[in-house]
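See below for the structure under consideration.
Only the coordinates and a few stated rules stand behind these numbers; no lab work does. All figures in this text were calculated on a predicted structure; none of them were measured in a lab. As a convention, Cβ positions derive from the backbone with ideal geometry for all residues, glycine included, and neighbour counts pool all protein chains shown.
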Amino acid sequence: MLVSSHNQLLVICSIIVAILAAYTALNMASRVSNSSGKAAVLWLVGGSFAMGFGIWSMHFIGMLAFSLPIALGYDVSLTLFSLLVAIVSSALALYFVCQETLPYRRLILGGVLMGLGIACMHYTGMEAMLMTPRIIYVPWIFILSILIAIFSSVAALWLAFRLRQECKRATFSRMGAALVMGCAIVGMHYTGMAASKFPLNSVCSASNSGIDTKWLAVLVITVSLAVFAIALIVSMLDVRTAKLASSLDLANSELLKLAWHDHLTGLPNRTLLNDRLDQLIRRAERKRGEFALLFMDLDGFKAINDMHGHHVGDLLLKEVAQRLLEIKREGNTAARLGGDEFVVLMEQDSPEQSAALAQRLIDTMAQPFQLPNIQPQISASIGIAIYPHDGDTGHQLMVNADAAMYHAKKQGRNGYCFFEPAMNVDVHLQMQLQQHLRQAIQNNELVLYYQPKWVAPMGPMTGVEALLRWQSPEHGLLMPDRFLPQAERSGLIVLIGNWVINEACRQMKVWAEQGHSDWSVAVNLSAVQLEHISLVEVVRGALEQHQLAPRKLVLEVTESTAMQDAEASLKVLNQLSDLGVFISIDDFGTGYSSLLYLKHLPAKELKIDRGFITELAPGNDDEAIIKAIIALGKTLGMKIVAEGVETHAQQTLLTGLGCDTLQGYLLGKPVPADALLSMISSQNQNKAQFEYLL
């Protein structure tokens, strides 16, 4: 037999090409698996060529590394046929790998077919030398080479299937797998070469008419590396393109989510709500059905937001949204319009169903919320509009449900109302009043009237109470009960209240400079003002701006307001008291005071509500109640003020019961600041007459 040898450099090149071919195969498997449609077919064709050419080039470089003491050559047709076999085998392998699953039966079948294909490629390439006599193969080594081809093919298919998905560590995993697969392919090739024996008189018929081996090795290596490079570069570009496309899709999804959903709660926003509303209207038109629109507004949310800060308000809104999602039925839409306004679209069979949902919403929102450090409690007012009875457009339904919601608030809040046509008129008037009230603040139409407070029974005058009026160009002089409820609902009460404090301090400073330094001015605080986070700073700023001594300002808080959130009220009132401001409890006896909290309030004055004075007479129940209030106030070290004094009998009896200060129409009606001094002069003239009556 002829003694064979191998070119070590070409052997090393064949090993490198085998590893690169294996890595390319794994990469192509990933591209085929992650593509679909026409793209998957193109990747399968291109991948089959790159992978098959890689395996074939490794084999052919190994053949070129082989040498005998005779001239060698290779038949072109058989050589090209061996390349075709490699490509077909690669296509078969990629086809198996790109399937959703790879059961063991299909894995073994694919490995056998691919292994036989590789073996066929190898031995066809050997036959391309056209040896005479024919090559002799050692049977057991020949069989071993085929088994190695099959087992390496099974392993290659399994690794390619496992590593076909893109992930952060896929590149390193494929490198390790490519090393194993490359060595297996090389092992099969050189095992097959070891099985080949050449008789001493062998002649290579392809040495003259075949391919010249001098330049063929360089050509095959160069072409192989070029094919690998092109395949890998295209693959990486496709991966980058896919990642870019994925990133763009993700960014587009995020933009769509931002455009169609509320950024805070994640609920559909007004834009998406309008779209869903239009779809419901079209569906209801086709089916001649109906649906309900529930407009929900949170009662007391603004006070919590102002007192505890916007971050607490945001957390509360998120919890409200979560409760909405838990209550609504599948297929219904819950959306946030903005602020504390929410809408639920409900496909219904009857109005009773929408009423039941509204009641569930009210009951759920009334449950305390669990937030860090606080447990805020709110309620909900809901208006319900039914399509098509209450509107045949989305805009009409929204407006009418909103009107019903305001009607629910007007009825006492924490409830729901179905829309009725008469509600629109009331809402229109309320909105018009709100708009005019905003203009009144800007146009300085608000004025303060002052009612004197006298040391019982007839003086001297100890101070005044500032009472708000609206000098409306359209309606004339309006009393507070005409516009303050709307101001509280719209949030304007804080702005108005701040103006009252500042104006009262300014006027008090003017009177002090005129010689009335012993007077004080009392200002009423609403519940919303007391809960507002800026109240203390507003008071401090007004005192500093007008250089008014804090003891000249009396802040009156109703009993019910002070007890609404007793702990929070106590904190704010203590801060105001620390400024030196005088605190008075107004309308005492009409609320639900806790004597424990009342004891800790920094109040220096109790004002008896006028309801106990209107029918006051010696020996009746009102006298007994007033005696008890006076005794309580004196025990707590407070001054007692009686308001609503309109008769001399009331004046005399209240003085005898121990009231320190009196206030009422008998002693002086509320008047503008420029009329107060002349009124006081007139009242002093009546003092002698009163003393005569005594």
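How are the C-alpha pair distances of the range 486-529 spread across 10 Å bins, as whole percents from the shortest bin up?
P(r) over the range 486-529, rounded to whole percents: 28, 40, 23, 10, 0.
With Kirkwood's inverse mean 1/r over C-alpha pairs for Rh, give me the Rg to Rh ratio of the range 279-362, two decimals please.
With Rg and the Kirkwood Rh in hand, the quotient comes to 1.06.
Take the Cα coordinates of the range 347-392, assign each an equal point scatterer, and use the Debye formula without solvent to give log10 I(q)/I(0) at q = 0.14, 0.29, 0.30 Å⁻¹.
Result of the Debye calculation: -0.47, -1.04, -1.08.
Using a 7 Å offset from the Cα along the Cα-to-Cβ direction at both V76 and T393, what is the distance between the two label points in nm, to one decimal?
8.1 nm
If you wrap a convex hull around the alpha carbons of the range 49-90, what volume per residue comes out, as a whole number of Å³?
57 Å³
Please compute the Kirkwood hydrodynamic radius over the range 110-152, one decimal place, Å, based on all pairs of different Cα atoms.
In the range 110-152 this quantity evaluates to 11.0 Å.
Could you work out the Kirkwood radius for the range 68-130, taking every pair of different alpha carbons, averaging 1/r and inverting it, reported in Å?
By the Kirkwood definition, the hydrodynamic radius is 13.0 Å.
Based on the mean of other beta carbon atoms within 10 Å per residue, what is the order of 334-346, 113-125, most packed first?
Answer by packing, highest mean first, reads 113-125, 334-346.
Using mean Cβ contacts within 10 Å as the protection proxy, how do 568-577, 68-77, 638-647 order, highest first?
By packing density, highest mean first, the sequence is 638-647, 568-577, 68-77.
How long are the semi-axes of the equivalent ellipsoid of the range 444-495, taking √(5λ) for every eigenvalue λ of the Cα gyration tensor, in whole Å from largest down? Each step should come with its number before you reach the end.
Numbers: eigenvalues 159, 35, 16 Å².
Taking √(5λ) for each eigenvalue gives 28, 13, 9 Å, largest first.
With a 10 Å radius around each residue's Cβ, average the other Cβ atoms per peptide and rank 614-621, 648-655, highest first.
648-655, 614-621
Can you work out ³J(HN,Hα) from phi for every residue in the range 193-205, in order, using Karplus 6.51 cos²θ - 1.76 cosθ + 1.60 and θ = phi - 60°, giving whole Hz and x for Gly and Pro?
Result, ordered by residue: 5, 5, 6, 8, 10, 10, x, 5, 9, 5, 10, 8, 5 Hz.
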